[in-house]
Structure formats: C-alpha cells, structure tokens
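K.L.:
Can you keep this structure in mind? I'll have questions shortly.
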Amino acid sequence: MIIKTKSCYNDGEVIIMKKMSSFKADMILLLVAILWGTTFVTSKFSLEELGPLTIISMRFILAVLFMSIIFRKHIKNIDKSDIVGGAIVGSVLFIAFSTQLIALKYTDPGKQAFLAGTYVIFVPFLVWGVTKKRPDAKSFIGAFACMIGIALLTLKSGLSISYGDSLTLFSSIFFALHILTTGHFVKKSTPVKITIVQFATVAVLSTVTALLFEGAPTQLSPGIAIGILYLGIICTGLAYFLQTFGQNYTKSTHTAIILSLEAVFGSLLSIIFMKEVFTPIMILGCIIIFASVLIIELKGSQESEEVIEQAN
C-alpha cells in the first residue's frame, strides 16, 4: 500500500530531531516495503476466519488509533476542508481496499502482490482523462509492457483471466485514483491530517458495510487476532510513519525503487508460507510487470526532483 506523501513536519514540529544519512533512510523504506509485502499473506490467512470488510474495519480502526497518538498535535488543527478532502480520499481508498481484499479470496497472495502494483500504470492515463495532458512515450511503453506481463502472469487456457485477478486489476484503478485525489486535496492541507481523516473514513465505511453484509465476527483465534493487530498497527500506522520520515532523507528515485519491492517481498513470502507455485512463464510476467512499474515510477520521481531543484 503506497501512499504518496511530502514532509509532514510543519511549523517547527519535528518528531525526530536527528538527521540521518540517505543509506539509513533507504533502510527504513526497505523495511516499509517488507512490511507491506507481508500484508498479502497475513490478509490471506485472516480471510480463513474473517470477512474482507471486517478485516479492513479492524485494520483501519487500529491504524487511526495509532496515528491519533503519534500525531495527536495535528488532530486539533483539523478543519472542515480537511474533513471534506479526507472523506473523499478515504472513500476512494475504501473501494480500493475492499475490492482488493475480496479479490484475495479468489487468487493467490503472491500473484496479487504483483498485480496490485500495476496501479502505477493507470495514474498517467487517469491524469490524461482529467487534465487532457497526454502521457509521454515512457508511459505508453510501460503500459504496453505491463499488459504483456499481466497476460503472462494471469491468463489461463482459453485466454481467460480469473475473477480474483480481474478484480485485483479493478482495485488497482481505484488505488491510482487514490493517488490523484490525495495529490489534489493535500495541497490545501497536510499529509498527516488528510491521512488521519481518510483512515477514519475507511474505518467507518468498512465497519458499517461489514456489519451489514458480514455481521459481527463469531470467532477470532489468537493467531488471527495477532495478525489483525500486526496489519493495523505495524503495517498501516507504523509503516506510514516510517515512510513519511524516511523519504524526507533520501531521493525520490530511491523511494520509488525501494517501495516497488513490496511486490517482490509479497511473492517471496507467499512462496515460503503459502507454498504458492510460479511457473517460468509467470515469473517472466512478474519481471515484466516489475520493470514496467519502475519505468513509470522513476519517470515520475525524476520529474518531482526536477521541480524541487527548480524551486530551490
């Protein structure tokens, strides 16, 4: 789960005063990528006892509580515009997460890890639809390569794609839309305030829909409970905090490459713990998808750095 952010430290409020080297920052971001990679397997295990909406509800309630403690000084400054913006962004994120987790019931976590990363490919084309700004050649090359990779990874005999894989790709469109809406509303707010409100929105929407469609959970074994705590506090709340801190001390290109490794870690963990099998053709598809994502990610990161240099 990648959330594009900028510095969250405003008006002299610095949580950690010490500066750190780019290497240490990269290691923090690598930890974030590993944590996000573990969410696919952890969520798959959790689905054995809980419905997808219930998992999302518990995960984001915990994340909101964690964020509210860590960034408690920001909460009192949340105003109406923050609530409106965060609610819109959170609604998009709720659709993205709910469709992705429902899809996980019908596909393997390792495969989904790579398919989930394709949201990067959709971003420039959604921008094209909104702003009429045509994507450049790299975006088209990346998109074409990604389509080939998806075909190699997902297509079965008869050129059909499974329900879980197609729903995962559908969720990626909403993750891409989430990037755009976040970028729009954060200009009038701060990443921390928008994130707290959007996490709260996801928590409310998922709780209501979970109670309506899945009912209250009837069982929660200790192992699954630990998994939910891990997803909410470590992989969502803590990971966001580490991301916002780490990326302030390294280059955007480093951030893009390192966080893209989420898919690699997700697949490796699925192979280890879920005994998921990747055929040579599927592995080739993963490599092509990863390469196409890097093409788009690095292009966007380089553009961001050029803007920063010009501003300085």
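The values are calculated or read from the model by the stated rules, or taken from the named source; none is laboratory data. In this text, all values refer to a predicted model and were calculated from it rather than measured experimentally. Backbone-built Cβ (ideal geometry, glycine too); neighbour counts: all protein chains shown.
K.L.:
Working only within segment 98-137, note down all residues that are more than 23 Å from Thr181 (Cα to Cα), touching a residue at least 12 places away in the same chain (Cβ under 8 Å) and surrounded by fewer than 16 Cβ atoms within 10 Å (Cβ to Cβ).
P.N.:
Lys105, Tyr106
K.L.:
Give the residue, chosen from Lys188, Lys193, that is surrounded by 22 or more Cβ atoms within 10 Å (Cβ to Cβ) and charged (D, E, K, R). First the steps, then the outcome.
P.N.:
On the way: Lys188 fails: surrounded by 22 or more Cβ atoms within 10 Å (Cβ to Cβ).
Result: Lys193 is the single residue among Lys188, Lys193 that is surrounded by 22 or more Cβ atoms within 10 Å (Cβ to Cβ) and charged (D, E, K, R).
K.L.:
Spot the failing condition for Gln112; the list is (1) farther than 27 Å from Leu269 by Cβ; (2) modelled with pLDDT of 95 or more, and only one is missed.
P.N.:
Going through the list (1) farther than 27 Å from Leu269 by Cβ; (2) modelled with pLDDT of 95 or more, Gln112 breaks only (1).
K.L.:
Right, next: Restricting attention to segment 179-199, which residues are without any contact (Cβ under 8 Å) to a residue 60 or more places away in the chain and within 17 Å of the chain's Cα centre (by Cα)?
P.N.:
Matches in segment 179-199: Leu180 only.
K.L.:
Is it fair to say Pro217 is in the same structural domain as Ile56 (by TED's automatic domain parsing) and either over 30 Å from Ile75 (Cβ atoms) or among the hydroxyl-bearing types (Ser, Thr, Tyr) (or both)?
P.N.:
Working: in the same structural domain as Ile56 (by TED's automatic domain parsing): yes; either over 30 Å from Ile75 (Cβ atoms) or among the hydroxyl-bearing types (Ser, Thr, Tyr) (or both): no.
No; evaluated as a whole, the condition is false for this residue.
K.L.:
Still on this model: Helices (runs of 4 or more DSSP H) wholly in segment 71-127 with at least 1 residues that are of a type in the set (Ser, Thr, Tyr) and within 21 Å of Ile173 (Cβ to Cβ) - which ones?
P.N.:
Values: elements: 72-75, 80-104, 109-116.
Filter on segment 71-127 gives 80-104.
K.L.:
Taking segment 214-236, which residues are surrounded by fewer than 19 Cβ atoms within 10 Å (Cβ to Cβ) and either touching a strand residue (DSSP E or B) at 6+ places or on another chain (Cβ under 7 Å) or within 20 Å of Gly90 (Cα to Cα) (or both)?
P.N.:
Selection gives Ile233, Ile234.
K.L.:
Here is a follow-up. Out of the helices (runs of 4 or more DSSP H) lying entirely within segment 207-307, which hold 2 or more residues that are under 30 Å from Gly183 (Cβ atoms) and of a type in the set (Gly, Ala, Ser)? Quick ask: steps written out before the conclusion?
P.N.:
Working: elements: 222-229, 239-246, 252-260, 262-273.
By residue number, 239-246, 252-260, 262-273.
K.L.:
Could you tell me which numbered condition Phe175 fails, if it satisfies all but one of (1) under 26 Å from Cys286 (Cβ atoms); (2) surrounded by fewer than 21 Cβ atoms within 10 Å (Cβ to Cβ)?
P.N.:
Phe175 satisfies all of (1) under 26 Å from Cys286 (Cβ atoms); (2) surrounded by fewer than 21 Cβ atoms within 10 Å (Cβ to Cβ) except (2).
K.L.:
Additional query: Does Glu297 count as touching a Lys or Arg at 6+ places or on another chain (Cβ under 9 Å), among the acidic types (Asp, Glu) and in contact (Cβ under 8 Å) with a residue 40 or more places away in the chain? Before you say what the answer is, go through the steps one by one.
P.N.:
On the way: touching a Lys or Arg at 6+ places or on another chain (Cβ under 9 Å): no; among the acidic types (Asp, Glu): yes; in contact (Cβ under 8 Å) with a residue 40 or more places away in the chain: yes.
No: the conditions fail for Glu297.
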